[in-house]
Amino acid sequence: MISALIMLSTAAPQSLEPQLIDLDGTAFIQFGLFLLLMLALRRFLWRPYLAVLGERTARVEGYKQEAVRLEAEAAARLARAEAAMAEARRVGAGERVAARAVAHKREQELLAAANAAAQKTLAEARARVGAALASERAKLQQTAGAMGVQAARKILGREVSA
């Protein structure tokens with residue numbers, strides 16, 4: 001143990017000039033180990049990492065392209081649906097106008113038929129009233145002469161000739 005302390009207490013030989021790097025065989029061994037480690041890491045770590053990164057980037061780009069394609073397809077479907085809706089509205093409006101025209105024509109026909117029936121009924125009623133009036137006038141004229149003679153007889157108190 002004493003000999004170990006003596007060895008530790010003795011300093012290594014010192015040079016008069018300060019040395020920045022002590023180049024001996026261990027520096028070359030460390031450099032070789034560095035290159036060997038770099039090659040191993042490159043083969044087993046960096047290449048697989050870059051491959052996975054490239055695949056992920058390619059998948060993401062594929063998903064982006066798929067999303068753009070699906071968005072364009074959805075926009076086309078929406079445009080087709082809107083065009084179909086506009087066409088349906090146009091057709092519906094045309095059918096509505098045609099239905100209104102038919103209904104208006106039917107209404108006019110019904111009104112004309114009802115008006116004709118009312119005019120016929122009114123004409124028949126007028127004819128009946130006119131006939132009844134003529135018959136009553138004739139009766140009245142027949143009885144008017146006799147009534148006049150009778151009234152004159154009562155007023156005058158004597159016989160009157162017609």
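The values are calculated or read from the model by the stated rules, or taken from the named source; none is laboratory data. The model shown is predicted, which means the values in this text are computed figures rather than measured ones. All Cβ positions, glycine included, derive from the backbone under ideal geometry; neighbour counts span all protein chains shown. With ligands, DNA and RNA removed, areas are computed over all heavy atoms of the protein, side chains included. Shrake-Rupley method; radii C 1.70, N 1.55, O 1.52, S 1.80 Å.
A few notes on this one:
- Single match in 90, 158 (criterion: of a type in the set (D, E, K, R) and surrounded by 10 or more Cβ atoms within 10 Å (Cβ to Cβ)): 90
Conditions tested, residue by residue: (1) in a helix (DSSP H, G or I); (2) at pLDDT 95 or above.
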{"position": "8", "(1), (2)": "yes, no"}
{"position": "23", "(1), (2)": "no, no"}
{"position": "26", "(1), (2)": "yes, no"}
{"position": "35", "(1), (2)": "yes, yes"}
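- Only one of the listed residues (140, 133, 122) is at pLDDT 90 or above, open to solvent by 60 Å² or more (accessible area, probe 1.4 Å) and assigned to a helix (DSSP H, G or I). That residue is 122.
- Scanning region 25-36 for residues that are open to solvent by less than 100 Å² (accessible area, probe 1.4 Å) and of a type in the set (A, V, I, L, M) yields 27, 35.
- Of all residues assigned to region 146-154, at least one qualifies as being in a helix (DSSP H, G or I), of a type in the set (Val, Ile, Thr) and open to solvent by less than 60 Å² (accessible area, probe 1.4 Å).
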